[in-house]
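Data first, discussion second: the structure below is written as structure tokens.
The values are calculated or read from the model by the stated rules, or taken from the named source; none is laboratory data. Note that this is a predicted model, so its numbers are computed, not measured. Using ideal geometry, Cβ is built from the backbone for each residue, glycine included, and neighbour counts are taken over all protein chains shown. What goes into the accessible areas is simple: the full protein's heavy atoms, side chains included, and nothing from ligands, DNA or RNA. Shrake-Rupley method; radii C 1.70, N 1.55, O 1.52, S 1.80 Å.
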Amino acid sequence: MKLLITGGAGFIGSNFVRYMINKYPSYQIVNLDALTYAGNLETLKDLEMNKNYKFLKGDITDRTLINKLFENEKFDYVVNFAAESHVDRSITEPNIFVATNIQGTQVLLDASKDNNIKKYLQVSTDEVYGTLGEEGYFSETTSLAPNSPYSASKAGADMLVRSYNETFGLPINITRCSNNYGPYHFPEKLIPLMVINAMKEKNLPVYGDGLNIRDWLHVEDHCQAIDLVLHKGRNGEVYNVGGNNERTNIEIVKTILNYLNKSESLIRFVTDRPGHDRRYAIDATKLREELGWEPKYTFETGIKETIKWYQDNQQWWENIISGNYQEYFEKQYGLRLEV
Ligand code: NAD
Ligand code: TDX
């Protein structure tokens with residue numbers, strides 16, 4: 001089997017590359033990533049010598065490059081993680097979200113359709129459903145009501161994926177997962193930002209009243225879900241992914257401070273994010289009952305392990321903060337591996 005993973009130098013994509021290499025040693029895996037600010041090849045250093053793994057630098061919006069890649073490689077499966085993923089950035093710079101998340105997805109869909117791919121899997125998000133009040137859960141039949149340019153671009157991509165299944169018969173699945181946490185999470189996002197700021201005894205900026213709720217899932221449990229859907233998901237179906245770990249942001253921040261034995265006086269309530277969704281909560285019954293998915297991590301064990309990972313891997317995030325991580329690709333590869 002030959003698998004294309006796009007966006008595999010980011011947080012979830014890199015965890016998925018590692019998960020698949022370990023679980024399926026006979027699969028050939030190509031990781032295509034544009035190495036935006038969020039892509040970091042230092043994350044994948046340990047896999048460079050693996051003979052069934054190849055990294056290629058490239059942009060999913062580049063139709064010529066993508067067509068050439070698909071013709072050369074004859075992929076069986078495509079899993080698309082490549083995206084602009086940070087809600088705050090989508091508020092200040094929405095254009096790039098439309099380009100990568102919507103147009104890039106369409107380029108991949110065209111290439112998948114033209115090259116008889118066995119399955120195209122779109123990694124989407126619970127944010128496409130919008131926001132919940134105090135009660136209820138998102139199911140796969142909840143109407144899409146995205147509230148940020150990020151979630152709107154992900155919803156647009158989901159609609160295109162659906163249409164390629166209906167119109168062209170391209171075999172697809174869409175997964176919609178809740179907030180992930182775990183190793184290699186880029187430090188602009190809540191959990192790694194708070195862990196690093198707390199370690200450095202810097203202020204912890206909490207948006208609004210801190211009572212927004214997210215449903216947290218360990219990244220490895222997300223990877224297991226994607227693997228199951230890729231191999232066993234029914235054609236054309238959407239699967240929600242989430243582990244019923246609802247927490248307010250302030251609870252998360254206090255848990256981190258408590259674990260690191262730091263003072264709550266570091267917390268600063270700051271101006272709220274515009275359009276800030278109040279609550280996300282996923283109903284993953286379909287994934288559990290149809291495909292037998294069960295998360296491995298409780299939030300308590302997962303968050304402790306994650307905080308410890310940031311303590312043990314200080315160089316990884318220090319290189320991001322200093323900007324050094326972006327030189328790694330040039331030093332290691334030059335430009336030899338461009339498609
Ligand atoms: P990330 O920002 O850490 O990684 C994104 C990766 O995509 C980076 O390596 C980046 O270089 C690459 N990329 C960006 N634009 C590209 C382009 N035009 N061409 C090729 N590569 C490009 O994101 P993440 O948190 O790992 O999220 C991965 C996917 O999972 C996204 O599609 C996101 O919407 C989805 N998702 C994320 C979460 C979460 O909690 N992080 C939850 C649910 C779904
Ligand atoms: O400094 C902060 N302070 C704060 O209070 C940051 C960065 C965030 N927050 C709040 C906003 C959210 O309510 O914490 C919550 C989590 O924020 P993010 O880490 O930015 O994640 P979120 O906006 O929930 O989106 C994430 O989960 C769904 C990912 O970034 C998306 O890519 C994914 O689709």
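If you check every pair at least six apart or on different chains, which have Cβ atoms under 8 Å apart with a residue in region 47-61 that is outside any strand (DSSP E or B) first and a residue that is surrounded by fewer than 17 Cβ atoms within 10 Å (Cβ to Cβ) and at pLDDT below 95 second?
Glu48/Gln332; Gly58/Glu338; Gly58/Val339
Of the conditions (1) within 14 Å of the chain's Cα centre (by Cα); (2) closer than 20 Å to Pro295 by Cα; (3) within 11 Å of ligand 2 (Cβ to nearest atom); (4) open to solvent by less than 30 Å² (accessible area, probe 1.4 Å), Tyr150 satisfies every one except a single condition; which number is it?
(2)
Restricted to region 105-119, and to residues that are crowded, with 24+ Cβ neighbours inside 10 Å and over 12 Å from Asp158 (Cα atoms), which residue is farthest from the chain's Cα centre (by Cα)?
Looking at residues that are crowded, with 24+ Cβ neighbours inside 10 Å and over 12 Å from Asp158 (Cα atoms), I get Ser112.
Out of curiosity, is Ile226 over 21 Å from Pro187 (Cα atoms) and open to solvent by less than 60 Å² (accessible area, probe 1.4 Å)?
When the stated conditions are applied, Ile226 passes them.
So, of the residues in region 153-195 that are of a type in the set (A, V, I, L, M, F, W, C) and without any contact (Cβ under 8 Å) to a residue 24 or more places away in the chain, which turns out to be farthest from Ala99 (Cα to Cα)?
Looking at the filtered set, the residue picked out is Leu193.
Conditions tested, residue by residue: (1) more than 18 Å from the chain's Cα centre (by Cα); (2) in contact (Cβ under 8 Å) with a residue 40 or more places away in the chain; (3) under 23 Å from Asn147 (Cβ atoms).
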site	(1), (2), (3)
Leu204	yes, yes, no
Glu246	yes, no, yes
Ile250	yes, yes, yes
Asn258	yes, no, no
Asn261	yes, no, no
Leu266	yes, yes, no
Asp272	yes, yes, yes
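Being polar (S, T, N, Q), in contact (Cβ under 8 Å) with a residue 40 or more places away in the chain and not in a helix (DSSP H, G or I) is the filter; apply it to region 104-131 and report the residue that is nearest to ligand 1 (Cβ to nearest atom).
The extreme case among them is Thr125.
Considering region 187-217 alone, what residues qualify as being near ligand 2 (Cβ under 9 Å from one of its atoms) and among the basic types (Lys, Arg)?
Matches in region 187-217: Lys189, Arg214.
Would you check if there is a residue in region 154-165 being of a type in the set (Val, Ile, Thr) and either touching a helix residue (DSSP H, G or I) at 6+ places or on another chain (Cβ under 6 Å) or open to solvent by 40 Å² or more (accessible area, probe 1.4 Å) (or both)?
The answer is no; no qualifying residue exists.
Residue under question is Ile174, and the condition is that it be of a type in the set (Val, Ile, Thr) and out of contact with any Leu (no Cβ under 9 Å at 6 or more places or on another chain); does it hold?
Judged against the criteria, Ile174 is not a match.
Return the residues of region 1-20 that are part of a helix (DSSP H, G or I), open to solvent by 10 Å² or more (accessible area, probe 1.4 Å) and out of contact with any Gly (no Cβ under 9 Å at 6 or more places or on another chain); say none if nothing qualifies. Working first, answer last.
Within region 1-20, the first condition is being part of a helix (DSSP H, G or I), and the residues that meet it are 11-20.
Those left that are additionally open to solvent by 10 Å² or more (accessible area, probe 1.4 Å): 11-12, 15, 18-19.
Once the filter is applied, which keeps residues that are part of a helix (DSSP H, G or I), open to solvent by 10 Å² or more (accessible area, probe 1.4 Å) and out of contact with any Gly (no Cβ under 9 Å at 6 or more places or on another chain), region 1-20 yields Arg18, Tyr19.
Give just the number: which of (1) of a type outside the set (S, T, N, Q); (2) crowded, with 24+ Cβ neighbours inside 10 Å; (3) within 16 Å of ligand 2 (Cβ to nearest atom); (4) assigned to a helix (DSSP H, G or I) does Glu84 not satisfy?
Answer for Glu84: the failing condition is (4).
Condition first: open to solvent by 20 Å² or more (accessible area, probe 1.4 Å) and of a type in the set (Phe, Trp, Tyr). Now tell me which residues in region 54-81 satisfy that.
Within region 54-81, Tyr77, Phe81 meet the criteria.
Only one residue in Gly210, Gly182, Gly242, Gly136 is over 19 Å from the mean Cα position of the chain (by Cα), closer than 29 Å to Thr255 by Cβ and open to solvent by less than 10 Å² (accessible area, probe 1.4 Å), so which one is that? Step through it out loud before you land on a result.
On the way: Gly182 fails: over 19 Å from the mean Cα position of the chain (by Cα); Gly242 fails: over 19 Å from the mean Cα position of the chain (by Cα); Gly136 fails: open to solvent by less than 10 Å² (accessible area, probe 1.4 Å).
Within the list Gly210, Gly182, Gly242, Gly136, the selection yields Gly210.
What are the residues in region 19-78 that are touching a helix residue (DSSP H, G or I) at 6+ places or on another chain (Cβ under 6 Å), among the aromatic types (Phe, Trp, Tyr) and farther than 23 Å from Thr105 by Cβ, if any?
Tyr53
From the set of residues in region 26-45 that are among the hydroxyl-bearing types (Ser, Thr, Tyr) and open to solvent by 20 Å² or more (accessible area, probe 1.4 Å), which is nearest to ligand 1 (Cβ to nearest atom)?
Step one: filter region 26-45 for residues among the hydroxyl-bearing types (Ser, Thr, Tyr), giving 26-27, 36-37, 43.
Next, from what is left, pick out any that are open to solvent by 20 Å² or more (accessible area, probe 1.4 Å): 26-27, 36-37.
On the way: Ser26: 25, Tyr27: 20, Thr36: 4, Tyr37: 8 Å.
So the residue we want is Thr36.
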